[in-house]
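Below is one structure; the comments refer to it alone.
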2 protein chains.
Amino acid sequence: MKVLVVGANGQIGKQLVGLLKGSSEYTVRALLRTEQQVKDFEQLGVEAILGSLEGTVEQLTEAAKDCEAVVFTAGSGGQTGYDKTLLIDLDGAVKMIEAAESAGVKRFIMVSAIQAHNRNHWNEQIKPYYAAKHYADRILVQSKLTYTIIRPGGLLNEPGTGKVKIAENLERGFIPREDVAKTIVAVIKEKSTYNKSFDLVSGETPITEAVQTI
Amino acid sequence: MKVLVVGANGQIGKQLVGLLKGSSEYTVRALLRTEQQVKDFEQLGVEAILGSLEGTVEQLTEAAKDCEAVVFTAGSGGQTGYDKTLLIDLDGAVKMIEAAESAGVKRFIMVSAIQAHNRNHWNEQIKPYYAAKHYADRILVQSKLTYTIIRPGGLLNEPGTGKVKIAENLERGFIPREDVAKTIVAVIKEKSTYNKSFDLVSGETPITEAVQTI
């Protein structure tokens, strides 16, 4: 199964590409924003394609062709303004959803943010970001795609533990990016996560077990 | 029929409140952000209620109680950043849509922007604003409300002509705010505009005639 990773050069994206590449069940295509990134990924033996979430749905459709799943783990990041939050985290995500539909990709995994579905629990410090994620998720739910929306808590760079806590609603918590990447891989073919959304933080349950009991 | 005007203190909102107040078919309730605005409107004999689009859906539901229609003509305006665009023009609008549903209001008129439905025609200079309007409109269309989405061209302060051009897609153009306000009044009970969206600029057709032929 070929998986398109959108946001492949991001901190979760890179780990995800590595995991997929190392797996016998998947092949991976990385969507990247610059020629240099494409070169870098190709040198590591990863199929890479140039494309931007600020481009057209048609261009993104082309990027998604022949893939069986899309993982959206892109984000405009904290260095740009809320203009980019609107254009990347919201509109870019929805364009990717539309592109997946056009390309005939059925499976879509979205990396969102803890409690993004619950307006009353949005992080006050980055509330506009939460609004963007919220509406991208809502539009995915309303699409025809078989979605899974993963809403991780605060992201850490420390090594993963391989153990998580998953539920529709969790108190604020943290999780290493490595465990988010592993959770993404674990849900791709896991039918119990189809058309489900969940919060994700570090916990006591092995990832593969946790995703089976959603 | 009582109409809740959201954004009543805005440039279109004020004219709309005046028109509704002067009509025998409608009564009006103005939703306002400050105590002073509430006082000012009450002194003019207008029912006014304090509330913010940054408040909760519950508060907005309370504001919409006993109304038969909601007109959304609010906007964060050009003086604030894109953080407010996300929180007011997008999330505030959707909260008002949800509030209308909760309050049992069936009719919802949204003031959007010309070509907001068409990503390729978004005004490049204010593209993030267009993204916010686009998604608010999409969520209204997917709601259970009987909507009309009015997408006016560039807004002018000059007096209205009473004549407009209406179509699903129009080239960029302009229209006095007074004519937008008059068009809003003309669509409220006009069944041919139910669950329709249209671009609106100045033209040759009298407003009441133009809205009947959508």
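The values are calculated or read from the model by the stated rules, or taken from the named source; none is laboratory data. Computed from a prediction, not measured in an experiment: that's the story for all the values here. We place every Cβ from the backbone using ideal geometry, glycine too, and count neighbours over all the protein chains shown. Surface areas here come from the heavy atoms of the whole protein model, side chains and all, with no ligands, DNA or RNA. Shrake-Rupley method; radii C 1.70, N 1.55, O 1.52, S 1.80 Å.
Could you check, for the range A:184-199, whether at least one of its residues is under 30 Å from A:L87 (Cβ atoms), of a type in the set (F, W, Y) and either open to solvent by less than 20 Å² (accessible area, probe 1.4 Å) or part of a loop (DSSP other than H, G, I, E, B) (or both)?
Taking the range A:184-199 as the starting set, the residues that turn out to be under 30 Å from A:L87 (Cβ atoms) are A:184-185, A:187-188, A:193-199.
Those left that are additionally of a type in the set (F, W, Y): A:194, A:198.
Checking which are either open to solvent by less than 20 Å² (accessible area, probe 1.4 Å) or part of a loop (DSSP other than H, G, I, E, B) (or both) leaves us with A:194, A:198.
Taking every residue of the range A:184-199 in turn, at least one turns out to be under 30 Å from A:L87 (Cβ atoms), of a type in the set (F, W, Y) and either open to solvent by less than 20 Å² (accessible area, probe 1.4 Å) or part of a loop (DSSP other than H, G, I, E, B) (or both).
Would you be able to say whether some residue in the range A:104-118 is touching a residue at least 24 places away in the same chain (Cβ under 8 Å) and part of a helix (DSSP H, G or I)?
Within the range A:104-118 (the criterion being touching a residue at least 24 places away in the same chain (Cβ under 8 Å) and part of a helix (DSSP H, G or I)), the answer is no, since none of the residues qualifies.
Scan the range A:77-87 residue by residue and report those that are of a type outside the set (D, E) and facing another protein chain (nearest Cβ under 10 Å).
Listed by number, the residues that qualify are A:G81, A:Y82, A:K84, A:T85, A:L86, A:L87.
Take the residues of the range B:155-183 that are touching a Gly at 6+ places or on another chain (Cβ under 7 Å) and part of a strand (DSSP E or B): which is farthest from B:A93 (Cα to Cα)?
That would be B:K163.
Yes or no: A:E209 out of contact with any helix residue (DSSP H, G or I) (no Cβ under 6 Å at 6 or more places or on another chain), open to solvent by 50 Å² or more (accessible area, probe 1.4 Å), farther than 30 Å from B:P128 by Cβ and free of Cβ contacts under 8 Å to residues at least 12 places away in the same chain?
For A:E209, the condition - out of contact with any helix residue (DSSP H, G or I) (no Cβ under 6 Å at 6 or more places or on another chain), open to solvent by 50 Å² or more (accessible area, probe 1.4 Å), farther than 30 Å from B:P128 by Cβ and free of Cβ contacts under 8 Å to residues at least 12 places away in the same chain - is met.
From the residues in the range A:114-129 that are within 13 Å of chain B (Cβ to nearest Cβ) and touching a Leu at 6+ places or on another chain (Cβ under 9 Å), which one is nearest to A:I12 (Cα to Cα)?
Checked the range A:114-129; the qualifying residue nearest to A:I12 (Cα to Cα) is A:Y129.
Residues of the range A:123-137 being part of a helix (DSSP H, G or I), open to solvent by less than 60 Å² (accessible area, probe 1.4 Å) and not small (G, A, S), which ones?
Residues satisfying the conditions are A:K127, A:P128, A:Y130, A:K133, A:H134, A:Y135, A:D137.
Kindly establish whether B:S102 is open to solvent by 40 Å² or more (accessible area, probe 1.4 Å) and either away from chain A (no Cβ under 12 Å) or of a type in the set (F, W, Y) (or both).
yes
Just checking, which of B:V141, B:V187, B:V201, B:V111 is within 14 Å of another protein chain (Cβ to nearest Cβ) and in contact with a strand residue (DSSP E or B) (Cβ under 7 Å, 6 or more places away or on another chain)?
Just a single option satisfies the conditions, and that option is B:V141.
B:V164 versus (1) free of Cβ contacts under 8 Å to residues at least 60 places away in the same chain; (2) open to solvent by 30 Å² or more (accessible area, probe 1.4 Å): which is the lone unmet condition?
Status for B:V164: all satisfied but (2).
What residue, among those in the range A:180-200 that are touching a helix residue (DSSP H, G or I) at 6+ places or on another chain (Cβ under 7 Å) and charged (D, E, K, R), is farthest from A:Q142 (Cα to Cα)?
Step by step, filter the range A:180-200, then rank; the result is A:K182.
Can you tell me which residues in the range B:52-66 are open to solvent by less than 90 Å² (accessible area, probe 1.4 Å) and within 21 Å of B:M1 (Cα to Cα)?
B:L60, B:T61, B:A63, B:A64, B:K65
Within the range A:71-89, is there a residue that is under 19 Å from A:Y194 (Cα atoms), part of a loop (DSSP other than H, G, I, E, B) and touching a Leu at 6+ places or on another chain (Cβ under 8 Å)?
Yes, the conditions are met somewhere in the range A:71-89.
Report, ordered by the first and then the second residue, all pairs with beta carbons closer than 8 Å, sequence separation of six or more or different chains, a first member in the range A:171-193 that is modelled with pLDDT under 95, and a second member that is surrounded by 24 or more Cβ atoms within 10 Å (Cβ to Cβ).
A:R172/A:I114
Based on what the data block shows, is A:K144 out of contact with any Gly (no Cβ under 8 Å at 6 or more places or on another chain), open to solvent by 50 Å² or more (accessible area, probe 1.4 Å) and in contact (Cβ under 8 Å) with a residue 12 or more places away in the chain?
Numbers: out of contact with any Gly (no Cβ under 8 Å at 6 or more places or on another chain): yes; open to solvent by 50 Å² or more (accessible area, probe 1.4 Å): yes; in contact (Cβ under 8 Å) with a residue 12 or more places away in the chain: yes.
Yes: the conditions hold for A:K144.
Before we move on, is A:I97 more than 11 Å from chain B (Cβ to nearest Cβ), of a type in the set (V, I, T) and closer than 21 Å to B:K133 by Cα?
yes
If you go through the range B:30-52 one residue at a time, do you hit one that is of a type in the set (D, E) and within 12 Å of chain A (Cβ to nearest Cβ)?
Taking every residue of the range B:30-52 in turn, none turns out to be of a type in the set (D, E) and within 12 Å of chain A (Cβ to nearest Cβ).
Within 30 Å of B:D91 (Cα to Cα), part of a loop (DSSP other than H, G, I, E, B) and not basic (K, R): which single residue out of A:E101, A:E54 fits that description?
When all the criteria are applied, what remains is A:E54.
If you scan the range B:100-142, which residues turn out to be under 16 Å from the mean Cα position of the chain (by Cα) and among the polar types (S, T, N, Q)?
Correct list: B:S112, B:Q115.
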